[in-house]
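Student: Starting off with a structure, shown below.
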Amino acid sequence: MKIAPREAYGRALVELGRENDDIVVLDADVAKASMTSLFKEAFPDRFFDLGIAESDIMATGAGFALAGKIPFVNAYANFLLGNGWEQLRLSICYSRQNVKIVGHNIGASSGKDGPTHLPLEDIALARVIPGLLVLEPADAIETRKATRALAAYAGPAYMRVGRMPTPVVTREDDPFVLGRANICRPGQDVTIVACGCMTAKALEAAAELAARGLEAEVINLHTIKPLDEEILLASARKTRAVATAEEHSVCGGMGGAVAEFLAARCPVPVRAIGSQDIFGICASYEDIQEFFGMTSAKIVEEAETACAMRDGRPAAPRC
């Protein structure tokens, strides 16, 4: 079953709006794409469309927070973090304002709009700011849980929300705690750390690896900052080989955060799956994921390479 995380996000906002009059939603002229249109229909007096003005929407969100509201600020991720970064850093995070920033059309999902519309750097831009919580849920079920958790969280946060229908890999009764990762599949031979839609691909890769005699432990790292250091350390010490998978650049993204932590606490081979310091192309969602290597086949390849590096064996030749 596939469900678009943005649909779950829009419905969760409506749920929250019914429960709490302090919830307000700001949008940058993308209400249909972000599904905040559902909140607009239910609570038109608490919905504010500021147009294509990402810097303004960040600062306005800070103002709502100062007035005691809980603002959810929405726009395409690349423009929201790119254009609004200074306001996010100073007006929201430096001032410790209770603003929830939500980036849409993440990763490769806007491929037909061209490279300028591919948010492949937003995690890096977000996680470098002190005090900013950063997360990317794995699927629609987890997106709903994350949205509700953010409303209860006191402080600034950035969440990536997927546009495309994504396989549902979590369950309603799975625990969701900000800052605590979940093990989707236990294993002892290699660790695969994934977030967002790449969690489903990591599970596909784990099944293929099992057929090849390698039992992979798959970690759903829905909270990228702060890292769940305990679960990462325990898994890395057990397997001694790690692969990370994200719909983002490998420069400064989730994989970078994991590698930085393990380099200091448990140095093991870490192979990163994501865009490799290049801009994207104009193509379909599936073709762009293939172009960047955001595939289960690539995860299998890099997981096997990590194991070969750990064992001192030459990696398999690549075509």
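Student: How large is ³J(HN,Hα) for each residue in region 184-200, as worked out from phi by the Karplus curve 6.51 cos²θ - 1.76 cosθ + 1.60 (θ = phi - 60°), to whole Hz, x for Gly and Pro?
Tutor: 7, 8, x, x, 10, 9, 7, 9, 10, 9, 9, 9, x, 5, 6, 5, 5
Student: Which value in deg cm²/dmol, rounded to the nearest 500, describes the helix-derived mean residue ellipticity at 222 nm for the chain, given -39,500 (n - 2.57) per DSSP H run of n ≥ 4 and division by the residue count?
Tutor: That calculation yields -11500 deg cm²/dmol at 222 nm.
Student: Still on this model: How much of the DSSP beta bridge set in region 182-311 is antiparallel, as a percent to the nearest 5?
Tutor: In region 182-311, DSSP labels about 20 percent of beta bridges as antiparallel.
Student: Name the residues whose placed amide hydrogens come within less than 5 Å of the amide hydrogen of Asp29, ignoring near sequence neighbours (fewer than 5 apart) on the same chain.
Tutor: Leu50, Gly51
Student: Between Glu86 and Arg171, what length in nm is gained on full extension when 0.36 nm per residue of separation is reduced by their alpha carbon distance?
Tutor: 26.9 nm
Student: Report relative contact order for the chain in percent, whole number only (criteria: Cα-Cα under 8 Å, sequence separation at least 6).
Tutor: Taking the mean separation of contacting Cα pairs over the length of the chain, I get 17 percent.
Student: Give a quick list of GluC sites (Glu not before Pro) in region 130-231 that DSSP marks as loop, anything other than H, G, I, E or B, with at most 10 other Cβ atoms within 10 Å.
Tutor: Answer in residue order: Glu172.
Student: Measuring from the lowest to the highest alpha carbon on each principal axis, how far does region 182-311 reach, largest first, in angstroms?
Tutor: Sorted largest first, the three principal extents are 41, 33, 25 Å.
Student: So, R0 is 45 Å and r is the distance between the beta-carbons of Glu215 and Lys32; what FRET efficiency does that work out to, to 0.05?
Tutor: Using R0 = 45 Å, I get an efficiency of 0.55.
Student: Let me ask something else. Under 5 Å between amide H atoms, partner at least 5 residues away or on a different chain: which partners does Ile219 have, H built in plane at 1.01 Å?
Tutor: HN-HN under 5 Å from Ile219: Cys184, Ile192, Val193, Ala194.
Student: So for region 157-241, considering every pair of alpha-carbon atoms, how many percent are separated by more than 15 Å?
Tutor: Tail fraction, whole percent: 59.
Student: How far, in degrees from 0 to 90, does helix 140-152 lean away from the longest principal axis of the Cα atoms of the chain, to the nearest 10?
Tutor: Orientation of helix 140-152: about 50 degrees from the principal axis.
Student: On a 0 to 90° scale, report how tilted helix 229-239 is relative to the longest principal axis of the chain, with both axes built from alpha carbons and the result rounded to the nearest 10.
Tutor: 20
Student: On to the next question. Suppose the Debye formula is applied to equal point scatterers at every Cα of region 57-134; what is log10 I(q)/I(0) at q = 0.11, 0.17, 0.25 Å⁻¹?
Tutor: -0.27, -0.61, -1.13
Student: So who's got an amide H within less than 5 Å of the one on Ile3, skipping anything under 5 residues away but keeping other chains? H placed 1.01 Å off N, in plane.
Tutor: Here Ala140, Thr166, Val168 satisfy the definition.
Student: May I ask for the Kirkwood hydrodynamic radius of the chain, worked out over all distinct Cα pairs and given in angstroms to one decimal?
Tutor: Across the chain, the inverse of the average 1/r is 19.5 Å.
Student: If the limit is 29 Å between Cα atoms, which of Lys32/Lys112; Lys201/Lys238; Lys2/Lys145; Lys69/Lys201; Lys69/Lys112; Lys2/Lys238 go over it?
Tutor: Pairs exceeding 29 Å: Lys69/Lys201; Lys69/Lys112; Lys2/Lys238.
Student: Let me ask you something else. Projected area of region 2-167, taken from the Cα convex hull and averaged over every viewing direction, in nm²?
Tutor: The directionally averaged projection comes out at 8.3 nm².
Student: Could you work out the relative contact order of region 2-167, using alpha carbon pairs under 8 angstrom and six or more residues apart, expressed as a whole percent?
Tutor: Relative contact order, region 2-167: 30 percent.
Student: Loop only per DSSP, at most 13 neighbouring Cβ atoms within 10 Å: give me the trypsin sites (Lys or Arg not before Pro) in region 209-294, ordered by residue number.
Tutor: Arg212
Student: Still on this structure: Stretched out fully, how many nm does the piece from Ile3 to Ile278 gain, at 0.36 nm a residue minus the Cα gap?
Tutor: 96.1 nm
Any read-out appearing in this document is the output of simple, stated calculations on the displayed coordinates, not a laboratory observation. Not measured: the values here are computed from a predicted model. As a convention, Cβ positions derive from the backbone with ideal geometry for all residues, glycine included, and neighbour counts pool all protein chains shown.
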